[in-house]
Amino acid sequence: MINKSKNPPYVGLFITCLVDSFRPNIGFATVKLLEQAGCKLGVPEQQTCCGQPAFNSGDLEDSRALARQTIDAFAEFDYVVAPSGSCASMMKKHYVELFEEDTKWKQKAEQFSAKCFELVSFLTDVLGVEDLAADFNHSVTYHDSCSGLRELGVQEQPRQLLSKIQGLTLKEMKEPYVCCGFGGTFCVKFPDISTRMVSDKVENIQQSQAEILLAGDLGCLMNMAGRLKRLDSPVKVYHVAEVLAGMAENTPAIGEGEKE
Amino acid sequence: MSKARQAVLKNLRSSLQRDALSSDATAQLESRFTQHTVHEQPDLSHLDLLERFTEKLTALAGTIESVDSLVDVPTAIEAFLKPHDLVSAAVVDKRLIDLPWATGFEVSCRGAQGADKISISLAFAGIAETGTITLLSCAENPVTMNFLPDIHIVVLHKQDLLLHIEQVWAKVREAGAMPRTVNFITGPSRTADIEQTIQLGAHGPRFFHVIVVP
Amino acid sequence: MKSTSHAFKQQATIALHDERLQRALGKAKGGFINKRQAAIDALPVFGDLRKRAKEIKNHTLEHLDFYLERFEQQVEKNGGQVHWAEKPEDARQAIIDICRSVDAKKVTKGKSMVSEEIALNQALEEVDVEVVETDLGEYIIQLAKEPPSHIIAPAVHKTREEISDLFHDKHGTPRLEEVPELVNEARQMLREQFISADVGITGANFLIAETGSTIIVTNEGNGDLTASLPKVHIVITSIEKIVPTLEDVTTLIRLLGRSATGQEITSYTSFFTGKKRDTDIDGPEQFHVVLLDNGRSEMLGNEFREMLRCIRCGACMNHCPVYGSVGGHAYGWVYPGPMGSVLTPLMTSLEESSHLPNASTFCGRCAEVCPMSIPLPDLLRQHRIREYDQGLQAPRAKWALKLWAFIAKRPRLYHFIVSKKIRVLSWLGKKSGRFSYMPFATGWTKSRDLPAPQGETFLSAWKKQQGDV
């Protein structure tokens, strides 16, 4: 836990390619949450992709190039925070693996890893945020994205913060920790299996009877929202940051147009 | 196939990036075989051995009773077998042959055969941790007795009831070397291969009954 | 067994639409998962046992040559024989030679995945030796002429109705409906086979170097009848199953049952050491252990070494959402699910089984439940690295990712192209907020809508904001 009486933590926002392209609202919600919690924020321009698609496709060379680019882009910051468990775990857990043979970069990767965090767990575990001045009068169910859960241990923290939101009821779905079937390129390489997995997840979401679905990873959210919409489900899908920052109500949900 | 043996060992050593171990190195490894280090175990020290044994064995469909002495065993067995309505004949552990068997009850000491319905063994040990009976293959209790008949009855001396699995190994080493077969038996035979439904009496005995004597 | 792993995609699609299979898989999954959880909740030292087990196995692997030689010594001391087999054909030949030496006509078998790996049954049948599978699950699939679909429960893909039909058809007996009746009929059918077999072949869950013992962990009793009734007992096993001492193996036994079926201990855990003693009344006169390598000694020296810790519990596949959707046959070879996706490319070829390491979201549940702490997603990724290096990936996918990386390595170009593309897409999708069709992404849009981008990219918006400030 950092001592807030000292200089405000200087946090670099790793926006993630999906949030940057598809839903900047998550980015702005992240900015709001971090500034609210007393951080000084920066958004380096030299960031593009954390390199996970290349890494999971076996392309180590490009992964290393993108890792070096990312590490250098965030050199000046005390912390690097991403509104995504999978990007944060790529940077925190796997960058170091990329440079086993390279002493200089291994060290840089280790230092970088120490300052990388997923957003929600950064708020609770590092900044000690316990309360949020936001309200949301809806029932909500929360999906645990795999990387955040199993690689970074993000599970209690979002539930902790959601419990502090005025008017919000949390309705846990059955097996919230089971994969939704996104898996990056998996969903387009094995669409039939992916569809089965997301359909099972949608059934659990519907059974929970919650109005809103939340999670911490936009890839998962787009996958689940896509299936929900195809099945004409009224469930609305947001990123957990949007609700925590009180920025969900005035924006169309994921996959919805302006009129819905 | 000593060519294969050479090849496999060579591949192993090449993967381990070394030659065969020196005699100093092997001497160190040998000590593992004499130290018999016991690793972490479930903490069950506070439990009553017989209570724990009974709980575990019955949870797995074994049955159990206690009698005052060995001479009471034949009567207990007669009572146990009554509802099963089988032929009064059993293959019996040689060490139990001199018990006062009822005159109508035919006892033999031999390997079990396909037609045998009942066998009666003397346990080498019991393991309270898991509700398990340990049997060693020997002239007195051939292995087939443990698997061919429909009903397997085992007499266990209370003093042979141990707490943890590892204690059996200490007892085996005390008794000499490993026999051809050491059987750990916990209840009757079972299978779940049809729709995950547990069914007792797959190929081994359908009933497993333990009689505890002092 | 001949591999059909190259057809994983088609096999998976068929499996997804197979109603009977889906019913069977649904029943099995919950059982395995819940039982394992209950067993682990009841064992506070589980975490410690896991750590210790990893240590024991790593130590053993580091000295595998020593422990194998010691095992061999002990087997021989107890009147047994060890046969080393580099490749499957060596193992098959060793077993055929032993069968020939005793003029064997009939062999009973306990369940052995290694025997599937070397395609033993077919080889024996080709030399006119009758092979009788005695494990109920293996017996069922032998009748159905199918391969196993799970390493612990080989017939998990079959419903009760299918088994009723099968027994009625193959046994020529009246059709039975209830599980007890079916099990009883199998018991009757196999009794005589156990007794009349010339040779009994089992696998081994573990091998103990200290005593030269082989272990089977079972519930049915068929393994024991197979090992004890015939004059010859052959154990077909592999080199990484060795464990140093009786105490070491006890730790692993505590993990195996719980991880596989949620049992603290199985009905029968049996330790076989050599042939029958002079004082024994029954038991085999010959004891043979066939030690198979088949690529394991190579794994010891490369990035797949950790896979050698596997104790074949099946927990990974029980918890895998992909295995849970398609079942074991889709994987096309002996070992399915996560562990199968690591092993199959190593034991067959990466080319033949290239789909397998890719059919994973890396959700990590397998690694989470693995009692031996094997980092399965990392090992699958190692295969993807090999595929990339060997040029085995589908060209379109590979070049799409290469293009992505090319642009991503050039931030200015990236932001330029992406913001343009996003502007177009968001304009196209503004009203409904989603696309029900997207060229080049039909894999997605066939069953899902694609959410439209909100507007401009975050970085453009941010830059503008900062410019205003």
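The values are calculated or read from the model by the stated rules, or taken from the named source; none is laboratory data. Remember, it's a predicted structure, so these values are computed and weren't measured experimentally. All Cβ positions, glycine included, derive from the backbone under ideal geometry; neighbour counts span all protein chains shown.
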Residue within segment C:277-290 that is part of a loop (DSSP other than H, G, I, E, B), buried (at least 23 other Cβ atoms within 10 Å of the Cβ) and in contact (Cβ under 8 Å) with a residue 12 or more places away in the chain present: yes
Per-region count, segment B:55-80, residues over 25 Å from B:Ala202 (Cα atoms) and in a strand (DSSP E or B): 1
Number of the exception - C:Gln188 against (1) loosely packed, with under 15 Cβ neighbours inside 10 Å; (2) touching an Asp or Glu at 6+ places or on another chain (Cβ under 9 Å): (2)
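Taking A:Ser89 as the residue in question, decide whether it is within 15 Å of the chain's Cα centre (by Cα), closer than 18 Å to A:Ala245 by Cβ and not assigned by TED's automatic domain parsing to the domain that holds A:Leu162.
Details: within 15 Å of the chain's Cα centre (by Cα): yes; closer than 18 Å to A:Ala245 by Cβ: no; not assigned by TED's automatic domain parsing to the domain that holds A:Leu162: yes.
Criteria not met by A:Ser89.
Looking for whichever is out of contact with any strand residue (DSSP E or B) (no Cβ under 7 Å at 6 or more places or on another chain) and surrounded by fewer than 20 Cβ atoms within 10 Å (Cβ to Cβ) here; the options are C:Ser436, C:Ser360, C:Ser354. Which one fits? Please lay out each step first, then the result.
Values: C:Ser360 fails: surrounded by fewer than 20 Cβ atoms within 10 Å (Cβ to Cβ); C:Ser354 fails: surrounded by fewer than 20 Cβ atoms within 10 Å (Cβ to Cβ).
Going through C:Ser436, C:Ser360, C:Ser354 in turn, just one is out of contact with any strand residue (DSSP E or B) (no Cβ under 7 Å at 6 or more places or on another chain) and surrounded by fewer than 20 Cβ atoms within 10 Å (Cβ to Cβ): C:Ser436.
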Within segment C:380-422, tally of residues that are basic (Lys, Arg), part of a loop (DSSP other than H, G, I, E, B) and more than 7 Å from chain A (Cβ to nearest Cβ): 1
Qualifying residue in segment A:53-65 (condition: under 17 Å from the mean Cα position of the chain (by Cα) and of a type outside the set (Asp, Glu)): yes
Given (1) more than 8 Å from chain A (Cβ to nearest Cβ); (2) over 30 Å from the mean Cα position of the chain (by Cα); (3) in a helix (DSSP H, G or I), number of the condition C:Pro377 does not satisfy: (2)
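With the condition kept exactly as written, say whether any residue in segment C:418-439 is under 24 Å from A:Phe74 (Cα atoms) and either assigned by TED's automatic domain parsing to the domain that holds C:Thr457 or at pLDDT 90 or above (or both). Give the derivation first.
Just the residues of segment C:418-439 that are under 24 Å from A:Phe74 (Cα atoms), to begin with: C:418-419.
Adding the requirement that they be either assigned by TED's automatic domain parsing to the domain that holds C:Thr457 or at pLDDT 90 or above (or both) leaves C:418-419.
Taking every residue of segment C:418-439 in turn, at least one turns out to be under 24 Å from A:Phe74 (Cα atoms) and either assigned by TED's automatic domain parsing to the domain that holds C:Thr457 or at pLDDT 90 or above (or both).
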Residue selected from segment B:200-214 under the condition surrounded by fewer than 24 Cβ atoms within 10 Å (Cβ to Cβ) and not in a loop (DSSP other than H, G, I, E, B), by the criterion farthest from the other protein chains (Cβ to nearest Cβ): B:Val213
Elements of type strands (runs of 3 or more DSSP E) contained in segment B:81-160, each with 2 or more residues being assigned by TED's automatic domain parsing to the domain that holds B:Phe184 and among the polar types (S, T, N, Q): B:118-122, B:132-136
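Just to be sure I understand, how many residues within segment B:87-104 are closer than 22 Å to B:Asp68 by Cβ and at pLDDT 95 or above? Before the answer, list the steps.
Pass one, segment B:87-104, residues closer than 22 Å to B:Asp68 by Cβ: B:90, B:92-93, B:95-102.
Restricting the remaining residues to those that are at pLDDT 95 or above gives B:90, B:92-93, B:95-101.
The number of residues fulfilling the criteria is 10.
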Residue within segment B:149-165 that is within 7 Å of chain C (Cβ to nearest Cβ) and either over 27 Å from B:Ala76 (Cβ atoms) or in contact with a His (Cβ under 7 Å, 6 or more places away or on another chain) (or both) present: yes
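One line per residue, one yes/no per condition, for (1) at the interface with chain C (Cβ under 9 Å from one of its Cβ atoms); (2) free of Cβ contacts under 8 Å to residues at least 24 places away in the same chain; (3) among the charged types (D, E, K, R):
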position: B:Arg5; (1), (2), (3): yes, yes, yes
position: B:Val8; (1), (2), (3): yes, yes, no
position: B:Asn11; (1), (2), (3): yes, yes, no
position: B:Ser31; (1), (2), (3): no, yes, no
position: B:Thr34; (1), (2), (3): no, yes, no
position: B:Glu55; (1), (2), (3): no, no, yes
position: B:Val73; (1), (2), (3): no, no, no
Condition check for C:His168: over 26 Å from C:Pro230 (Cα atoms) and either hydroxyl-bearing (Ser, Thr, Tyr) or buried (at least 17 other Cβ atoms within 10 Å of the Cβ) (or both): no
Elements of type helices (runs of 4 or more DSSP H) in segment C:10-94, at least 2 residues being surrounded by 18 or more Cβ atoms within 10 Å (Cβ to Cβ) and aromatic (Phe, Trp, Tyr): C:64-77
Residues within segment C:158-208 that are within 23 Å of C:Asp128 (Cβ to Cβ), in a helix (DSSP H, G or I), of a type in the set (A, V, I, L, M) and out of contact with any His (no Cβ under 7 Å at 6 or more places or on another chain), tallied: 1
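Take A:Lys40 and tell me if it is in contact with a helix residue (DSSP H, G or I) (Cβ under 8 Å, 6 or more places away or on another chain), surrounded by fewer than 21 Cβ atoms within 10 Å (Cβ to Cβ) and modelled with pLDDT of 95 or more.
Details: in contact with a helix residue (DSSP H, G or I) (Cβ under 8 Å, 6 or more places away or on another chain): no; surrounded by fewer than 21 Cβ atoms within 10 Å (Cβ to Cβ): yes; modelled with pLDDT of 95 or more: yes.
When the stated conditions are applied, A:Lys40 does not pass them.
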Residue in segment C:266-286 that is out of contact with any strand residue (DSSP E or B) (no Cβ under 8 Å at 6 or more places or on another chain), assigned by TED's automatic domain parsing to the domain that holds C:Lys57, at pLDDT 95 or above and closer than 28 Å to C:Ala153 by Cα present: no
Condition broken by C:Asp378, with the remaining ones in (1) over 21 Å from A:Phe22 (Cβ atoms); (2) modelled with pLDDT under 90 satisfied: (2)
Residue match in segment C:112-129 (condition: within 27 Å of C:Ser3 (Cβ to Cβ), crowded, with 18+ Cβ neighbours inside 10 Å, acidic (Asp, Glu) and in contact with a Lys or Arg (Cβ under 7 Å, 6 or more places away or on another chain)): no
Extreme residue, nearest to A:Ile15 (Cα to Cα), among residues of segment C:431-469 that are among the basic types (Lys, Arg) and within 8 Å of another protein chain (Cβ to nearest Cβ): C:Lys463
Matching residues in segment C:431-469 - criterion: being under 19 Å from A:Leu218 (Cα atoms) and among the basic types (Lys, Arg): C:Arg434, C:Arg448
Every residue from segment A:126-160 that is in contact with a strand residue (DSSP E or B) (Cβ under 7 Å, 6 or more places away or on another chain), part of a loop (DSSP other than H, G, I, E, B) and within 14 Å of chain C (Cβ to nearest Cβ): A:His143, A:Ser145, A:Val154
